[in-house]
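Student: Take this structure, written in structure tokens, and hold onto it; I'll ask about it next.
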Amino acid sequence: MLPQQNIPPKSGMLLIAGANLLDPNFTRTIILLCEHRFEGSFGLVLNQPVSINLSDVVKNLDGWDAPLHRGGPVQENTLHFIHRCPDLDIGSQKILPGLYWGGEFEKLSTILRTGRVDANNFRFFIGYSGWGEGQLMDEVERDSWYLKPADLNLIFFEDAKNQWRQSFVNMGPDYQMLSNFPDDPRLN
């Protein structure tokens, strides 16, 4: 039996999908919780890359490009981003030391066109994940999500296919068994 998690959700936490979470939008996902309030929560799925790049949805970046990720099933026609550039003056919200969310995209696109920033310091998302009042806490109590303080190395982990497994390995020996849980235990 896994130890009881007594960590409340808050901005800067990672939500790691439990093995019992079978919703196809969230199976084996890791979500960065960008905002958590009484009224609801907002997050971005970190490990669902899509087959298009930023330049496919935003024109005039003059050769600057980055991969896109599916941030979640809500408003998939919206663009969101996180970055680890503390001196970027675009009105971003600090999520935790060294990690920022959003800002004025027009200012960012001007900076991107200059080539002064490294694409590896950004993650761009279409859509987002959201929960209404009390919904996320209900899901955490049902072990649909495990909470972990965010880790910049895991947020910017390059291997999306293994990011979910690696998150459980990083949580320690009590959670490592989940990293090897079969995709569909009914097939065992």
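The values are calculated or read from the model by the stated rules, or taken from the named source; none is laboratory data. As the structure is a computational prediction, the values presented were derived from the model and not from experiment. Here the Cβ positions follow ideal geometry from the backbone for every residue, glycine too, while neighbour counts run over all protein chains shown.
Student: Scanning segment 80-97 for residues that are in contact (Cβ under 8 Å) with a residue 40 or more places away in the chain and over 11 Å from CYS34 (Cβ atoms), which turns out nearest to the chain's Cα centre (by Cα)? Please lay out each step first, then the result.
Tutor: Taking segment 80-97 and keeping what is in contact (Cβ under 8 Å) with a residue 40 or more places away in the chain, we get 80-84, 93, 95-96.
With over 11 Å from CYS34 (Cβ atoms) added as a condition, the list becomes 83-84.
Numbers: HIS83: 12, ARG84: 14 Å.
Top of the filtered list is HIS83.
Student: Under the condition of being of a type in the set (Lys, Arg) and out of contact with any Phe, Trp or Tyr (no Cβ under 7 Å at 6 or more places or on another chain), which residue from segment 90-140 is modelled with the highest pLDDT? Before you say what the answer is, go through the steps one by one.
Tutor: First, the residues of segment 90-140 that are of a type in the set (Lys, Arg): 94, 107, 113, 116, 123.
Then drop every residue that is not out of contact with any Phe, Trp or Tyr (no Cβ under 7 Å at 6 or more places or on another chain), which leaves 107, 116.
Numbers: LYS107: 93, ARG116: 83.
Here the answer is LYS107.
Student: Name every residue in segment 94-138 that is closer than 21 Å to LEU68 by Cα and either of a type in the set (Asp, Glu) or touching a Gly at 6+ places or on another chain (Cβ under 6 Å) (or both), in order of residue number.
Tutor: ILE95, GLY103, GLU104, GLU106, ASP118, PHE125, GLY127, TYR128, SER129
Student: Of everything in segment 34-54, what is in contact with a helix residue (DSSP H, G or I) (Cβ under 8 Å, 6 or more places away or on another chain) and at negative phi? Give them in sequence order.
Tutor: So in segment 34-54, the residues in contact with a helix residue (DSSP H, G or I) (Cβ under 8 Å, 6 or more places away or on another chain) come out as 36, 40-41, 46-49.
Those that are in contact with a helix residue (DSSP H, G or I) (Cβ under 8 Å, 6 or more places away or on another chain) and at negative phi: HIS36, SER41, LEU46, ASN47, GLN48, PRO49.
Student: May I pose another question? Go through segment 65-78 and count every residue that is at negative phi and surrounded by fewer than 18 Cβ atoms within 10 Å (Cβ to Cβ). Quick ask: steps written out before the conclusion?
Tutor: Residues of segment 65-78 that are at negative phi, as a first pass: 65-71, 73-74, 76-78.
Imposing the further condition that a residue be surrounded by fewer than 18 Cβ atoms within 10 Å (Cβ to Cβ) reduces the set to 65, 67, 73-74, 76-78.
Qualifying residue count, segment 65-78: 7.
Student: Is it fair to say ILE16 is out of contact with any helix residue (DSSP H, G or I) (no Cβ under 8 Å at 6 or more places or on another chain) and within 18 Å of ASN153 (Cβ to Cβ)?
Tutor: Numbers: out of contact with any helix residue (DSSP H, G or I) (no Cβ under 8 Å at 6 or more places or on another chain): no; within 18 Å of ASN153 (Cβ to Cβ): yes.
Taking the combined requirement at face value, the residue does not satisfy it.
Student: Given the condition within 19 Å of the chain's Cα centre (by Cα) and over 17 Å from VAL140 (Cβ atoms), answer yes or no: does some residue in segment 3-22 qualify?
Tutor: No, segment 3-22 contains no residue that is within 19 Å of the chain's Cα centre (by Cα) and over 17 Å from VAL140 (Cβ atoms).
Student: I've got another one for you. From the set of residues in segment 54-66 that are more than 14 Å from GLY127 (Cα to Cα) and of a type outside the set (Asp, Glu), which is nearest to the chain's Cα centre (by Cα)?
Tutor: Of all residues in segment 54-66, those more than 14 Å from GLY127 (Cα to Cα) come to 55-56, 58-66.
Now restrict to residues that are of a type outside the set (Asp, Glu): 55, 58-61, 63-64, 66.
Details: SER55: 21, VAL58: 21, LYS59: 24, ASN60: 26, LEU61: 24, GLY63: 26, TRP64: 22, ALA66: 16 Å.
Looking at the filtered set, the residue picked out is ALA66.
Student: Name the residue, out of SER51, SER41, that is of a type in the set (Ser, Thr, Tyr), buried (at least 20 other Cβ atoms within 10 Å of the Cβ) and modelled with pLDDT of 95 or more. Reasoning before the result, please.
Tutor: Values: SER51 fails: buried (at least 20 other Cβ atoms within 10 Å of the Cβ).
Result of the check over SER51, SER41: SER41.
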